[in-house]
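What follows is a short report on a single structure.
The values are calculated or read from the model by the stated rules, or taken from the named source; none is laboratory data. Here the structure is a predicted model, which is why all the values come from computation and not from measurement. Heads up, the Cβs are rebuilt from the backbone with ideal geometry, glycines too, and the neighbour counts pull from every protein chain shown.
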């Protein structure tokens, strides 16, 4: 019986069928419905009563200066999150890869921020950033920095940096752990050979380490980008997108339009813009990796 | 031979039937369930009291049983609206006013004129806000007025004017204490709207006129926003502290005054055992203030209209109203209910809240109720610019008016 199953031409289709059904029911169909909703004027309270308005929702978004700011905030937030998380993750992974006393403890400790629930992180951060009681403002004031007088989360200028600081603190350990695992795959022989040949640490990193961990870094960049584009909980809990749209990202905007203002159609249109950005990032990633594979002669 | 072994089984069956007839559980099972969703059911303390109150209705009924549905306040609207939009949802819902108007416009609520006869009940003044287009869509569940609560250990007497109030707050700000507290952050947009609206109404302004035209850039509104900014800049508030934090600070005697609703006043009086609490009308040129007006409505998707209507009629009986008012604390109910001597002895300031009813105005722009969430977003953003970026109030309110006209009203 197992032999017949293995040889049967329909077996592969049967095996992927559950996954296909799952994707169809929980990803493709809702996405298609969201796409359709974005061309309608639909209220949350009358979700079954849709007035077709064509591209009106998209036209409004194009002419809405606040929405353009939302897209900009989203891109800045995403770019800083990805660069900072991978940069810090790589730095800490390189540190943790070397031999030192207490390495096991340090490796475990670095994962703590990642393991903490975003709700707890947000609540603690709100107190840390509080101008009158928070340790953050107190530390800045002790250093003579005037911005320590401000409540960063309520400041138009400093709310986004504050949200970014909290986000990066929470997400960089994941990059660190992934890159630490990738560093374990760097062949010791090649490192030793490069050092014997007189290469300095930077040259060893560029010639030996980087080519090995580059695929992991690229994959991390893709995941971090998509996760940052869709991050809701931390931003909502810290600022709800404010003040004055300073931290208003696309997902916050979707929630506000759909569930606060009860305009499902508008919310769907914003969601589709977010999806388009995520798709562009994914396409760029796959093209880049395909090109890199061709360059290595793998494809 | 075959008959005798069956006897025990027959006896057991008969006993079960007899037990079933007398068992409350089985009797309840025959009742038709009517679901009633309210965020209050999820509140510690009040939730249990409300369940006990509902149980009295259930005990009086042979046909229907109210089943409380507790949904936390933070997710209440999105949860119930999503259910109602999908053709389902609870039979009875306790809404706040913005959601009430949104649901009415979307035709998600049943008209109640055939359920509640106006002539049969002596409704209090706020009842008029629950009629849309001449039809009744809700019954008042709770009315909570706003007044100034102050700690006489920090602020000796009720300020006679707004300037006196600011001076008193400055005098109370010392040794880790703050003279006053209000909301001034986007993260508390909903609460800040109520705080700001109290200033606007208190200075004689309104968000819109009788014809439903926005009046966000009117002189009185600008004056109110300037007053909000004056307090914000007076170094008397714990900046960044959210409402739950500064209310706790007030209960601990670390904040001199807050302008808050009767429900909060009752909680603070209960929490702050040693608090020297006093209540006075808010220190503004006029006595107009906003209110929390929470109606109970029947979902248009209900299959239990008869049971839901029976509950509403029971809710309006004098006994049920009296008990509900006691559960609400310093808030009032659909029909004017006199405070008991025990209540007055416990909270003598409660009459200040009750007398505010005649000056209470809903927080929504009249005639633009269904657009309130978007208008709130625009106005609050502009006020935060005033507070933080130093934008002149007149400029910010002119920008808000323009944004409401173009983005919300599409003119």
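Quick notes
- Within the stretch B:317-345, the residues that satisfy the criterion of being buried (at least 21 other Cβ atoms within 10 Å of the Cβ), in contact with a strand residue (DSSP E or B) (Cβ under 7 Å, 6 or more places away or on another chain) and in a helix (DSSP H, G or I) are B:325, B:328.
- Filtered residues of the stretch A:24-54 (kept if free of Cβ contacts under 8 Å to residues at least 40 places away in the same chain, part of a helix (DSSP H, G or I) and more than 30 Å from the chain's Cα centre (by Cα)): A:46
- When the stretch B:156-176 is filtered for residues that are crowded, with 16+ Cβ neighbours inside 10 Å, modelled with pLDDT of 95 or more and farther than 14 Å from residue B:232 by Cα, the ones remaining, listed by number, are B:168, B:172.
- Evaluation of residue A:134 against (1) within 18 Å of residue A:237 (Cα to Cα); (2) more than 14 Å from every other protein chain (Cβ to nearest Cβ); (3) without any contact (Cβ under 8 Å) to a residue 24 or more places away in the chain; (4) crowded, with 17+ Cβ neighbours inside 10 Å (one fails), failing number: (2)
- Candidate set from the stretch B:77-96 (those that are farther than 24 Å from residue B:306 by Cβ and surrounded by fewer than 22 Cβ atoms within 10 Å (Cβ to Cβ)); member that is nearest to the other protein chains (Cβ to nearest Cβ): B:78
- Candidates A:270, A:217, filtered to the one that is at pLDDT 90 or above, crowded, with 22+ Cβ neighbours inside 10 Å and touching a helix residue (DSSP H, G or I) at 6+ places or on another chain (Cβ under 8 Å): A:270
- Residue B:205 at pLDDT below 90, surrounded by fewer than 24 Cβ atoms within 10 Å (Cβ to Cβ) and under 22 Å from residue B:126 (Cβ atoms): no
- Residues of the stretch A:102-127 classified as away from chain B (no Cβ under 11 Å) and either surrounded by 19 or more Cβ atoms within 10 Å (Cβ to Cβ) or assigned to a helix (DSSP H, G or I) (or both), total: 18
- Within the stretch A:258-287, the only residue that satisfies the criterion of being in contact with a strand residue (DSSP E or B) (Cβ under 7 Å, 6 or more places away or on another chain) and either over 25 Å from residue A:53 (Cα atoms) or more than 9 Å from chain B (Cβ to nearest Cβ) (or both) is A:265.
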